[in-house]
Structure formats: structure tokens, C-alpha cells
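Report on the following structure.
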Amino acid sequence: MSSDLEAKYKRRVQRERAARKEAEKLLEEKALALYNTLQEVEKINRDLDAKVQQKTLESVNAKDAAVRASNAKSEFLATMSHEIRTPLNAIIGFIQLLEQANLGERERKFLDNMSSASQGLLALINDLLDIAKIEAGKLSLEQIPFPLNKTLEEVVYLYDAKADEMGSKLHFNSSFSNDLMVVGDPYRLSQIIKNFISNSVKFTKAGHVTLSLNGLAVEDEIELNVLVTDTGIGITEEQKKSLFEKFSQADSSTTREYGGTGLGLAICAQLATLMGAKINVESQKDVGSTFTISLKLPIDHNHYDAKAAQEPDISLAGLRVLLAEDNPVNQLLAVSLLEDNDATVDVADNGLEAIAMCSNNTHYDVILMDVQMPDMDGLSASRVLRDAGLTLPIVALTANATAEDRERCLAAGMTEFMSKPFNVTELLTVIKRATQAH
């Protein structure tokens, strides 16, 4: 090989070696950069995982805290409801007893005002409890047969006195027959209509408020429209936007002049949602308003009984009642109203005394059992009595007013459930029904 060729070959080999070294160096640099990038990605992933875990933990803790807060709120409201209902039961009960007395016009007016104020307080307590139950998802609807016309017409009668005071007239119109039975929750449907009528009466002076029922029966279901129409002050379009919000009134002057908490229509909206119903409002300022609830209810063809629809005989003559109640005021109230209706009453101050009195070979026809009592509560006493073979009716008569309270009472062996404050006629009817079925 000539010296020139040899020199060229060496230069070529040197260039290739240099190129390989440069490529290896570049490759090492890229590999190092890739390694560093992967390390950074792994660090970012670890940081993201840690953040996700932290956020998840925070979310779980926040959810747990929200659940605890909701439960604490519900428990607080239930406790406060019980504590308020207990004295309120005595107030309303004694008012009902005094209404049967021969009073002068002045005293009768005082009594009417007391009755109105106590019922307003009870409505407020019920509204607060309903809001708590709805927010906690604990409010459920009944599905029972009830007479449509009679149930809603009775709501109208509740506001006769208030309408007279306002100089207004109440009307009831229905396109359905009086023997029509439907299936649903009569209490909650009535609650919605009560709010509509109460508002209409409140905001209507020297006018008219009309409850109208119409709809279409399709096979075994009725498409029902319930309308409450008034000739009152009306509502503007702007006011309608917040009408169904909690604690909302048309404006501050409305609260000052007419009162109210703004809870009623908010509860109506929630109840309508639970029923699968729709609420509509049409109104014109200074002309009047129409509130409509539209819903579907199954028709019941089997439960109408003309005899059962008549006023029941609620005389307690000949009945011997054991009252288990620790509150002296409520003892006096219950004994008074029962003895006024010809029953014989013995009183036990707690569950242990009730058990002892039943074990003394004393014959009773029914036990009225409070739930919260010292020494032994009503639930425990009922279980002991049932385990001992006692079969007579036990009626829960308690300031605990939730559906869960009712279920606990029935599970403990009680026959009927009534919450305080109670209506005297309703209590007598429940006692009569329980003793007749025994």
C-alpha cells in the first residue's frame, strides 16, 4: 500500500473512531437525560399519587364530617322537638279541654288566641323537623287508601275562622265523587294544601279563596290537579323566583306585616319532588294567585266503606286505662280528658310501675305508654310486657315524633303510635279502635 493510501486509510479510521466516540458520548448524554427525565416523571407521579391520596382522604373526611354534622343536626332537632312538644302538649291539651267549658265571650276570645298561637308554634316545630328529615334523606311517604274529597275538604274547614277574621270566604269544588278512594300519603298531600290555603287566606282580605279538584281518570290511575285560587295581593315575577327557597319571603315588609318563616313553601317543593308531583304558580300583582299541584295517584276500588266514613263512636265508657307517664302536668291532662270521656284511669310514673300494676292481676283494656321515662322507658316496658304474654293494646303516647320513633315503638310491641301534642278526638278514636280490635 502506498504511503498516500495508507495515510488516507488512517485518517478515515480516525474519523470513524472520532465519530463513534462522539455518537457514544451523545448517546450517553441522551441516555442520562432520559434517565433523569424518567426519574422526574416518577417523582411527579409519586407527588401526584400523594396528592390524590391526600385529596381522597380529605374528601372522605369531609364527607364523614358532613354526615356527622347532618346526624348531629337531626339529633339536636329531634331532641329539641321532644323537649318543646312535651310542654306544648299540655298547653294545647288544656286549651282543648277548656274549649268544652262554658266560658264568657271575653274568656273565649282569649282562648281562641291561645289556641291559634299554640298551633302556630306547633306548625313551626313540625316545619323545622321536616326540613331536617328531608335534608337527611329520612323522610318517607306512606302509601295508604284515603277518600280524596273528604281529606282535602277537611283542610278547608281548618281555615274557616282565619278567613272570617280576614273578611274572606272559603270555597271547595271537586269534579270527583265523594266515594273516590285513592292511594298515597294523605298527611303530606294535606300538608302541601294547608300551606297553599294558609298563604292565600293570609294574603287575601275581603276576598275569596277556593280549593278546586279536577283531573282525568285513566284506567286505575287518576291524573289529579289541586288548585288553590285567591283574590289576594298577588306575586310579582321577581318574587316568584325565590318563592320556594328556604327562609324566603316576598320581601322584608311581607315578614313584618304577615309573619311567617318562609319554610312552608320550601317544604312543599321538597314533598312534591318526593311524590313525583309538579307545582305551578300563576299570579298577578293586586289581582290574585293560583297555586297548583299536579300528580298521579292510583285509584283504590276495594276500601271504600260508607259506614266507616261516618263519625265513629268514641265514647270510652266502661274502659279501664293504665297511663304510664312521668310528667305530672301531662298526667293531669290525660287523666282529665279520659275521665271526661267516662274512662277509669290508673297512673304509673314509669315503665317499672306499669309492669308491676299489670302484674297485680288488675284488668286493663289499654295502656297509654310514654317512651322517655325514668327507671325504665316505655320501649323496654313494652317488650317486658309482651314477653310476659300480655296481649292488650299498648298505645305509644310520646313527644318523639319521627317515623323512626314510630317504627321503634311498633317493633317493641306497641299497637298504635300517637305523637304529642295530640288532638283529643284523634286520641279517643285511636283508643277506641285499638280496644275494639283486641
Self-check item: Only one of A18, A69, A33, A78 that is at pLDDT 70 or above, under 30 Å from K138 (Cβ atoms), outside the structural domain of S419 (by TED's automatic domain parsing) and surrounded by 10 or more Cβ atoms within 10 Å (Cβ to Cβ)
Solution: A69
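Residues checked against (1) over 30 Å from G137 (Cα atoms); (2) under 25 Å from the mean Cα position of the chain (by Cα):
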{"site": "S380", "(1), (2)": "no, no"}
{"site": "G389", "(1), (2)": "yes, no"}
{"site": "L392", "(1), (2)": "yes, no"}
{"site": "T402", "(1), (2)": "no, yes"}
{"site": "C409", "(1), (2)": "no, yes"}
{"site": "M414", "(1), (2)": "no, yes"}
Quiz prompt | Check on G104, more than 30 Å from M373 (Cβ to Cβ) and loosely packed, with under 14 Cβ neighbours inside 10 Å | solution = yes
Practice problem: Just name the residue that is surrounded by the fewest Cβ atoms within 10 Å (Cβ to Cβ) out of those in segment 263-294 that are assigned to a helix (DSSP H, G or I) and of a type in the set (V, I, T). | Solution: T273
Exercise. Look through N102, N71 and report the one residue that is assigned to a helix (DSSP H, G or I) and polar (S, T, N, Q).
Key: N71
Practice problem: Could you grab me the full set of residues in segment 318-344 that are surrounded by fewer than 19 Cβ atoms within 10 Å (Cβ to Cβ) and part of a strand (DSSP E or B)? | Solution: R320, T344
Practice problem: Keeping to segment 345-364, report how many residues are within 26 Å of E83 (Cβ to Cβ) and not in a loop (DSSP other than H, G, I, E, B). | Solution: 7
Quiz item: Which condition number in (1) out of contact with any Lys or Arg (no Cβ under 8 Å at 6 or more places or on another chain); (2) under 18 Å from E426 (Cα atoms) is the one that D387 fails?
Solution: (2)
Quiz item: How many of the residues making up segment 201-246 are surrounded by fewer than 19 Cβ atoms within 10 Å (Cβ to Cβ) and among the hydroxyl-bearing types (S, T, Y)?
Solution: 4
Practice problem: Could you list all residues from segment 184-193 that are in a helix (DSSP H, G or I) and crowded, with 19+ Cβ neighbours inside 10 Å? | Solution: P186, R188, L189, Q191, I192, I193
Exercise. Answer yes if at least one residue in segment 414-433 is over 26 Å from I84 (Cα atoms), surrounded by 18 or more Cβ atoms within 10 Å (Cβ to Cβ) and not basic (K, R), and no otherwise.
Key: no
Quiz prompt | Every residue from segment 111-126 that is farther than 25 Å from N341 by Cα and either hydrophobic (A, V, I, L, M, F, W, C) or in contact with a helix residue (DSSP H, G or I) (Cβ under 6 Å, 6 or more places away or on another chain) (or both) | solution = A117, L121, L122, A123, L124, I125
Quiz item: Looking at segment 219-237, which of its residues are over 19 Å from T292 (Cβ atoms) and either in contact with a helix residue (DSSP H, G or I) (Cβ under 7 Å, 6 or more places away or on another chain) or at pLDDT 85 or above (or both)?
Solution: D220
Quiz item: If we keep just the residues of segment 146-163 that are of a type outside the set (A, V, I, L, M, F, W, C) and at pLDDT below 90, which is surrounded by the most Cβ atoms within 10 Å (Cβ to Cβ)?
Solution: Y159
Quiz item: Taking segment 388-430, which residues are touching a strand residue (DSSP E or B) at 6+ places or on another chain (Cβ under 6 Å) and either among the aromatic types (F, W, Y) or outside the structural domain of Q372 (by TED's automatic domain parsing) (or both)?
Solution: F417
Self-check item: Failed condition for I367, given (1) assigned to a helix (DSSP H, G or I); (2) buried (at least 21 other Cβ atoms within 10 Å of the Cβ)
Solution: (1)
Quiz item: Could you list, in sequence order, the residues of segment 133-169 that are β-branched (V, I, T) and free of Cβ contacts under 8 Å to residues at least 40 places away in the same chain?
Solution: T151
Quiz item: Is one or more of the residues making up segment 53-75 small (G, A, S), farther than 30 Å from D112 by Cβ and in contact (Cβ under 8 Å) with a residue 24 or more places away in the chain?
Solution: yes
Quiz item: Of the residues in segment 176-208, how many are of a type in the set (S, T, Y) and touching a Ser or Thr at 6+ places or on another chain (Cβ under 8 Å)?
Solution: 3
Quiz item: Of these, E245, E237, E219, which one is farther than 24 Å from Y159 by Cα, touching a residue at least 12 places away in the same chain (Cβ under 8 Å) and not small (G, A, S)?
Solution: E245
Quiz item: Filter segment 117-145 for residues that are over 12 Å from the mean Cα position of the chain (by Cα) and over 19 Å from S81 (Cα atoms); which is surrounded by the most Cβ atoms within 10 Å (Cβ to Cβ)?
Solution: P145
Practice problem: State whether the residues of segment 83-92 include one that is closer than 20 Å to E325 by Cα, in contact with a Ser or Thr (Cβ under 6 Å, 6 or more places away or on another chain) and of a type outside the set (S, T, N, Q). | Solution: yes
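The values are calculated or read from the model by the stated rules, or taken from the named source; none is laboratory data. Because the structure is a prediction, the values reported are computed rather than measured. So basically every Cβ, Gly included, is an ideal-geometry build from the backbone, and we count neighbours across all protein chains shown.
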